Each structure stands twice: as structure tokens, then as C-alpha cells.
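Worksheet: one structure, shown below.
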Amino acid sequence: MAKSLSYADAARLLGGQESVVVGLLEKTAGWLMLGTTPLVEEVLGWFDAKAELTRLSHQLVRGLAERCCGLSRYGRTERIEAAHTVIVVAAFFEGLAGVRLPAELTRAEQIALGTGGPAAPGDFVPQIMAAGRLLPGPERSLADFRRDLRSYYHDLADGLASFLDGLAVAEDLPAPDRTRIAETLSSVAHSSVARYDEALLRLCAEFPEVAYWVARQEQRAVRASLTEMGPVLLAIHAGQAPDERRAGLASAHRDDLDRPVVDTGDVPDGITVPTLGEAYLPPRFRVSHDAGSTLVSDDDWWARFPVRDDLRDFLIGHLTSPRAVRAPLLVLGQPGSGKSVFTRVLAAGLPASEFLPIRVVLRDTPSLDQIQDQLEFAIRAATGDRLDWPALVRSAGDALPVVLLDGFDELLQATGVSQTDYLERVAAFQHREAVQGRPVAVVVTSRIAVANRARTTAETLAIRLEPFDDKQITAWLAVWNRANAAGLASRRLAPLAVDSALAHRHLAEQPLLLLMLALYDADGNALQQAGGSLRQDQLYERLLRSFAVREVVKQRPGLPARDLAAAVEEELRRLAVVAFAMFNRSTLWVSEADLEADLAGLLGPVQQPPGGLRVALRPAELTLGRFFFVHRARAGGQASLETYEFLHATFTEFFVARLTWQVLLDVAAQASVTTSSFGPAPMHDDLLRALLSHQPLSRRSTIIDFLSGTAWAEKHAVRESLKALLLRLFQALPHSPAGQRYAGYQPSRHGEPSRYAAYSANLLLLLACVSDQIRASELFPGRPDIVGDWSSQALLWQSQLTSGSFPSFIERLAVERITTPHGRDVRIGLYSGVWSPSSVWLSWTPIDR
């Protein structure tokens, strides 16, 4: 499919096939396609016909609205694109009325100039023929488009001036006349934008969607709901009534709006969860029209684009523009940002008379190679009918198919197969459909972190969903409090205050996590009673424990208090194993197979709870299936593949820190009660070593923050005892091989040297968390060359830790060379963000060693 319309293409599409001007354009285009320079006489033909060009341009655009009646949604878009191309070119040539050419040349002189003389036309004709590239779009502002258009007109004027200057030189015209011609053309270029604006206003009046292309609608619907797209689009153009199949799909999409945002089985009794239609707020977003596959996952790259809050208007502009059928729209967001509900609301908001939306949930779709196969599977799942894709599109009549491919990242993580060409296959599918006369728009959603694993095509448009701001959080809470007013009043609870939610902004700014806070507060106003004084780890402890308590009570009602506490702790420990499964593999998710291996390696076989279940649940499903803050991605088919991840990365970090601290306390407690007549009792650190021998905890800096905060909340005596324990573990490490109790836990394939380095690094990090400083002389007591031992240990870490782990390790530590009465030493502590280099001591030079 052509990427742009030239004036000749546009004139043909608007009915100007017989025009002399169109013939000149076709002839010139032929020369260009052959790679040769058009003859000057042909270029002069352009200028001689400029009056005809202006007349024809007005004639082609006049009455276009009437001629577009009865066209399909995309047929209408094609005509509007053609009309826009015409007014861009006409705006320039209308200003040429007062520009006169130099005296006529003989045919021989024209041919000589055209084949290499000084009057060669240069790039003037190619600029005219490429006018179709100048098409506005909702991804950029009108000011940006005007700047590009102004640059285009000036380039056009410069090309024409160069051409005419060559003719003037050949005719030996005086220099002032040549200067006058150049100044006149520059003025024409400057005034062309104003003439274009006048024509654009007329085009917008006849075709309201053009106003959304150039973002100049008079009343921009800031933060308007996506469900309001239907009335706006129907006011622009109303197609034919949908047939039974289109109506069935539309009914299935609209039904989604009346369903609760989350499964009501996940909420406390007496709580009303708002419906999707009530609770959905269109997010703010950033948009880029030059998405590169290596850039879309880069926060710094996105920061150069402004934040917008007109998502509805942007989508109207995009879906009614030619670009929509040429390449996919890539929608990116963090977990919990609302990518999936965006596709649900969009599918429900598009009017069935104008569009044929088809939502494909990739995690529920067999991992088929062909986009068409995925579509046909999704259609059957939504309607129960086995429909052939080409037949369905043909039956859609004048409606434009809009395919919503939800969850590229989930397809990637669930299949475990490279999908780097997926977006290219989507674009190829769009191209094939357009060639077959079935143009289709496509929207693909993905998590930001993995979006760079798919190559993007040249015209791919990308938007990134932004977190909620204060106004959106306030608006969402108003919906929540209104839906639960009666229930809260009956239990004498206060509505969730905005300030209480904003005190935990890092959670409240993601829609699904804001819901999690609201559910937590609905249990006795727990969030509001805690106030804003809670540390982040304390909030997570209370928040996640409350969900675990509710799930245990739901599954096993009537447990005594002691058994309930034990069951809840077991739930949280299993969630911590999930966190370690991701952390030790350096991934953001874990496959079901790997998780089940880890659960068996650390906790043994999972016991099925009583309840008479007909089909026994798999261990991973039993552990995670009850928590909506654990996201489950699956690729369907005969062999279903599933992966799990937390909706917020800091949940992983919290659970890693929590289990690490608990196991450390368990080791300390065991060591304190075990005595020996022959010296200190052996320490049983098998579990601690199994967990901490794969990645340094500094790999995710927040883990260290959680551990440090927890440690310094303890009494001084507790920290001192833990420091002594950790020093013993570090000093004994070279002489104590790893135990076999947890030999089945193998989340990584690291060899023993690498695992030794990771564990020793983590012991040092834990020491830095429980103490304000440690000295190398404490790590290597009684050794004659403490600095040498420290240097050797540091070189071991550098050689054995991975390229991603070692920098994070050294960045979290502050290391300072000191001299004591006993000699040279090294002081180590957590890096606080401030570093003052110590003085240089000659005793530290290699010569002295």
C-alpha cells in the first residue's frame, strides 16, 4: 500500500482523471520512476498550468461531502486524505499567480538545460510529488504540523527559485530581477500556510474527523470517557446498521462495561465493587510517532514527549486517519496500569455501525503463528460462532475492523518463545488485508519492560499510559466511595479519604493497586487509622497480610486463632518463595514449571486443602490462584503454559526482604539455644545459603532499603547479636560447604564459585544493614594481611558476580581506607548518597606492600 498520496493520486481518487494537470503529473512521475531528470519543458508545463492547477484543486474539493455519502468508514478516510493532499499543494500554487517566468527558451535550450545545464530542476518536482507525506495526525500538535508545513513550503520555494535562477542565468537576466523572483517566492511560501489554514477550516467543517487529526476541535474533551466515543463518531458519520454477527460482537463488548472491575470473590463481604463502565478513567499518556524498538522501554526517551490527557480525542483522530490501517498502534504501560481494561472499554465504545472491534486476549489464545488464526479463535470465544475472518469482514459492509491484541508481553512470557517479529507480522497482516480490499486497524498492548523485544515497523505509533495524577486519584475514590456509601455507613466506617491514599502515592497512582488500597481500608478503615507514618515495608506487611487472612478464612472457615495465624504465615511464606523464584532468575515473572520446582525444593510437597475438589489443583495454582495482586499469564492450547508475576515490582522486593529477615532470625534463634561443651555450636544456615547464593540482594536496591529499615526498627542488642552471627557465617564460609538439605532448589545454573561469591556478598550486605559500619579486620580476624585478604575477596566478587550484579553490589556499599593503631584497615557501610574521599596515605601504595 502506498505510504502517501501524491497530487496525481489524490486527483484521481477525487475524480480528476481527465485533467491536463493530472496528465502532466503522471508524465513527470514516470520520469521520476525511471530515475531520470524530467525535461525542462515538462517542468515549465507545470508553471504554465498553475492557474489550471488552482482551479482543478477547488473543483476537486468542492462538493466532496456529498460525494462521500454512502462510502465505507475507510473509503471516507481515503477521500479526506486525498482532499488534504490537494489543499496542501493548491495553497502554494495559488500564491504563484504573480510570478512570471523568464523569456521562453527554445526547445533545444530546454533540452540542454534538462540534461545537465544550469537550469536543471533539482528536487523541485520530487517535492511536489511527495506532497502526500504532509498529513497531520493526532500524535503531534497543530503547531508542530504547521512548522513542518512551513518548512515544506520554503523548501518548495527554494527549489523553484533555484530552477528559475538557472533559467535567468541562461537568459542573462540582471541580478536584481533574479533577487526579486527569489523574494517573491519566499513571500509565497510564507503566505501558503495561511491559505492552507483557510482551506483546512472548510475541510474540518465538512469532515469533523479532520479536526481530530489536527487536534483543533473547538471543545477538547479533556479526560472524556472512552465510552463517549460512540456518540462523537456517530455525529461525524453514521454507517449502516450492523448485521447479526456484528451486533453479537458489539453486545459482548458492551456487556463488559456492566461487570465489576475485579472478581467479587476477591473482596470482603459488604463491599460493592464498581462496574468497569463506572470506574474506568482514561489515563494520561505520552505519544511518539517515531517508535524505535530499542527506545520504547527507555524512560528517559519517553520523558521528551509531553503528557496529554485527551485520550478519547486522540483515538478518534487515529482510528479515522489513514495511518491506522498501515501499522499498529502500540499501547504501553506498567503492570496494573489498565492496559487490558483499556482494550475492553475501547471495544465497547466503538459504534457497531462504524467499526467492527475484535478483542483478542493473547494470554487466552492458542499460541498460533498467524494473526488470522488468533482472530478467529477470539471471535468464537466471544460469540460461540465459528466464523471465517474474510467472510466476517466482507459481511461488515462499510464498518472498519479494529483488532485489539491485548497482552503481547503475556504471549512472550507465557510461551517462552522469541516474538521479535510479532509487530512486523501484524503490519504484514494489515498490508495483506489492505491489498485484498479489507483495510484493518490494529492496537497492540504490552508492558513497557518487554516492549523492546519486538521490532517496530516504520509507521508504528506508540503511546505510553501514565500513572494517575492527584485529580484522577480523587475522581476514582469518589466513584468508589459513592458505590460503597451504604455499606460503609452500615458498618460505621468513613469513606476513604484522598489524603490517606496519596500518602502511598507509589501504589495509588496505578489503578489496580489503588483498588487494593481501597479494599484494605474497607476492613475497619485500616489504611486511614495507620496514617502516613507507616514505613513502606510496614504498609506492605499489613496490606498483604490482610489479603492472606481473608483468603485463608474463605478457604478454611472456623480455624482457631493460633491455627489461623500459622496458615496465614504459610501463605505469606509461599508468596515469598514466588518472589525469590523471580529474583534469583533475574526475571519479572516465573513460569509455572519453575515455580513448582522451587516450591518442592524449598517447602516440600504442597498439601491439598480439604473440600472435595473434583480436580486437584497444581501447586503453583494452589499457591497463587487466590490473589488478584498476582498476575497470571497463560498461553492456551493443548499444552497450556502459564507464568506468574506480582502487579507491582516492590511486592517482589518486599517478600524477598521479608523471607530473608525471617530466615536470618531463625538461624539466630537456633544458634542461641544450641550449646556445645567444645565451643560455639554449629550454625544451620542451609536455607539462608540456598536462598542467597544466586543473586546479590543489591540487584534490587529496594530490598536493601526494606532490610535496613527492618533492622534499625529492632533494639540495639538484637542488631549486635545478628552482627555477631553474620560475622561467624562469613568467617566460616570458606570452610563450610553448602548443605544438601535444599539441593533440589536450583533457580540458577551458576557454578559453586559464583554461588559462593553471591552468598558472601549477601552476608556482607546484611552486615551493612544491621550495623552502621564493619571493618575488614572483623571479616578476617587474626590475619596478617587484612588489606590483601579484602582485595582478594573483592576480586572474587568482581570475577564471579554477573555483569549486572557486580555494579549494583558496589554501588550500595561505601568503602573507605583507614589506618588504625593496629595498621591498615578498610571500613565498609551502606552508601548513603554522600561520599567524601579520604586522604591519600603513602602506606597504601603497592611499594609499601
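Bear in mind that the values in this text are calculations on the coordinates, not laboratory data. The structure displayed is predicted, hence computed values, not measured ones. Glycine gets a Cβ as well: all are built from the backbone with ideal geometry, and neighbour counts include every protein chain shown.
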Around Glu509 (Cβ within 13 Å, Cβ-to-Cβ, excluding Glu509; K/R +1, D/E -1) the net charge comes to 0
Using θ = phi - 60° and Karplus 6.51 cos²θ - 1.76 cosθ + 1.60, couplings along segment 755-760 (whole Hz; Gly, Pro as x): 5, 4, 5, 5, 5, 5
Sequence-distant residues sharing a close amide H with Val826 (under 5 Å, placed H): Ala776, Ser777, Ile818
Hey, what do the phi angles of segment 450-457 turn into as Karplus ³J(HN,Hα) couplings, whole Hz, using 6.51/-1.76/1.60 and θ = phi - 60°, x for Gly and Pro? 10, 4, 6, 8, 10, 6, 9, 7
Would you mind ranking His506, His716 by Cβ crowding within 10 Å, fewest neighbours first? His716, His506
Quick check: from the Cα gyration tensor, does segment 650-844 come out rounded (a/c under 1.5), prolate or oblate? rounded
Is segment 465-549 best put as rounded, prolate or oblate by its Cα gyration tensor, with a ≥ b ≥ c the root eigenvalues, rounded for a/c under 1.5, and otherwise prolate when a/b is larger than b/c, oblate when not? oblate
Expected unfolding gain across Leu201-Arg254 under the 0.36 nm per residue rule, minus the alpha-carbon gap, is 15.6 nm
Within 10 Å of each residue's Cβ, count the other Cβ atoms and sort Thr643, Thr474 from fewest upward. Thr474, Thr643
What is the distance in Å between the Cα centroid of segment 323-371 and that of segment 728-768? 46 Å
Taking the Cα of Asp148, stepping 7 Å toward and past its beta carbon, and measuring to each backbone N in segment 180-199: which are under 18 Å? 193-194, 196-197
Does segment 240-333 classify as rounded, prolate or oblate by the C-alpha gyration tensor (a ≥ b ≥ c root eigenvalues; a/c under 1.5 gives rounded; else a/b over b/c gives prolate, otherwise oblate)? oblate
Counting other C-beta atoms within 10 Å, which of Asp313, Asp406 has the fewest, and how do the rest follow? Asp313, Asp406
Just to confirm a number: summing +1 for Lys and Arg and -1 for Asp and Glu over residues other than Arg245 whose beta-carbon lies under 14 angstrom from that of Arg245, what do you get? -1
Table column - 3J(HN,Hα) (Hz), segment 201-212, Karplus curve with 6.51, -1.76, 1.60, x for Gly and Pro: 4, 5, 5, 5, 5, 7, 10, x, 5, 4, 4, 7
Which cross-chain or sequence-distant (5 or more) residues have an amide H under 5 Å from the amide H of Leu813, H modelled 1.01 Å from N in plane? Tyr831
Residues with amide H under 5 Å of Arg359's amide H, sequence separation 5 or more or different chain, H placed in the peptide plane at 1.01 Å from N; which? Leu404
